[in-house]
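The values are calculated or read from the model by the stated rules, or taken from the named source; none is laboratory data. Since the structure is predicted, the reported quantities are computational estimates derived from the model, not experimental observations. Virtual Cβ from ideal backbone geometry, glycine too; neighbours counted across all protein chains shown. Keep in mind that these areas ignore ligands, DNA and RNA; they rest on the heavy atoms of the full protein, side chains included. Shrake-Rupley method; radii C 1.70, N 1.55, O 1.52, S 1.80 Å.
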Amino acid sequence: MEVIRAISELKASRAGWQRPVGLVPTMGYLHEGHTALVRRARAEAATVVVTIFVNPTQFGPTEDFGRYPRAFERDLALLESEGADVVFAPAPSEMYPEGFSSWVDVEKVTSRFEGVVRPGHFRGVATVCNKLFNIADADRAYFGQKDAQQGAVIRKMVSDLNMNLDIVVVPTVREADGLAMSSRNCYLNPRERSAAVVLFSALNAARELHRGGCRDAIRITGRMREILSREDLAQVDYAALVDPDSFEELQSLERPALAVVAVRIGSTRLIDNMSLQN
Ligand code: PAF
């Protein structure tokens, strides 16, 4: 496994890669959710490239960039054991040299939910992903379903800008009690960790109502909010039913929808979602 820090070095290495090239963009501190992405890429691509880069431009000024968990050596060992071919781990100055001034702004889908709570977040995500796609010249890139709105933003960018790669979205990996795997779960103390399962409980309740034939969005979101409100530590940012591509809120559920939640547990913000299929 090659570990590369410089874009020029990566481009030199790229000349010898077999295609298709599968890219797994990450911010490190890898967990089983990331492993699922790498395994899927390994099954489908001749060359698997994993990027580890805590991207400063997608964090707001009051967010956790400084304390975002990092475990580089452990990540490398995991990626080696999963058969990754290349790890690209640039410094911020390599990705954003002095004078950097070009950004990707995906409109509309970014004006809702995470885009409202985290202004500028998706601009940073879209820009860094565009750069990583170009640097790796990837044929496919792999993202987790947990960050569903991020996936929708990236798909829209790739489609609108006629980018030459496929976006593959891989199902969410969950802990035994249903909590979606996330690098930020490590911030939770034991009491908060048990409270965090409330996101999964609320989403499950939405799915159960939907499976039972309910198509009334107000009733389903009401049930999700009721379950979330039973947990004292949970402060709800949103609980809604949305179109999986546009993230427009849905009032009736005659087509596939996504139940989405964002909740603060103590100082940790968690998001999760579940698909509601007709
Ligand atoms: O989902 C993440 O870890 C990040 O948003 C990503 C896609 C690696 C871009 O920095």
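Modelled spin labels at SER275 and ARG211, positioned 7 Å past Cα toward Cβ, are 1.5 nm from each other.
Rounded, prolate or oblate for the chain? Axes are the square roots of the Cα gyration tensor eigenvalues, ordered a ≥ b ≥ c, and the cut-off for rounded is a/c under 1.5. Here the chain falls in the prolate category. Computed from point charges on the beta carbon alone (+1 for Lys and Arg, -1 for Asp and Glu), the dipole magnitude for the chain about its Cα centre is near 340 Debye. Between GLU254 and GLU107, the distance separating the two model label sites (each 7 Å from Cα on the Cα→Cβ line) works out to 2.9 nm.
The H on the amide N of VAL3, modeled in the peptide plane, is under 5 Å from the matching H of VAL87, each at least 5 residues off or on a different chain.
Accessible surface computed residue by residue for the chain, with neighbouring protein chains in place and a 1.4 Å probe, gives 46 Å² per residue. How high is the FRET efficiency from ARG42 to ASN162, r the C-beta distance, R0 35 Å, rounded to 0.05? Computed FRET efficiency for ARG42 and ASN162 comes out at 0.80. Beta bridges assigned by DSSP with both partners in the chain are antiparallel in approximately 50 percent of cases. Springs join every pair of Cα atoms under 10 Å in this Gaussian network model of the chain, and among LEU79, LEU161, LEU233 the largest mean-square fluctuation is at LEU161.
Modelled this way, with points 7 Å down the Cα-to-C-beta line, the labels at GLU2 and ASP232 are 5.6 nm from one another. So which residue, out of PHE133, PHE72, PHE113, gets the largest mean-square fluctuation from a GNM of the chain using Cα contacts under 10 Å as springs? It is PHE72.
Partner lysines whose Cα lies under 20 Å from the Cα of LYS156, excluding those fewer than 8 positions away in the same chain, are identified as LYS108, LYS131, LYS146.
Computed over the range 186-276, the P(r) tail beyond 24 angstrom holds 18 percent of alpha carbon pairs. Across the range 47-64, coupling constants 3J(HN,Hα) worked out from phi with the 6.51/-1.76/1.60 Karplus curve, θ = phi - 60°, read 10, 10, 10, 10, 9, 10, 7, 7, 7, x, 6, 9, 9, x, x, 9, 8, 9 Hz, and Gly and Pro carry x. Taking springs between alpha-carbon atoms closer than 10 angstrom, which of PRO25, PRO97, PRO56 fluctuates most in the Gaussian network model of the chain? Looking only at PRO25, PRO97, PRO56, the largest GNM fluctuation is found for PRO97.
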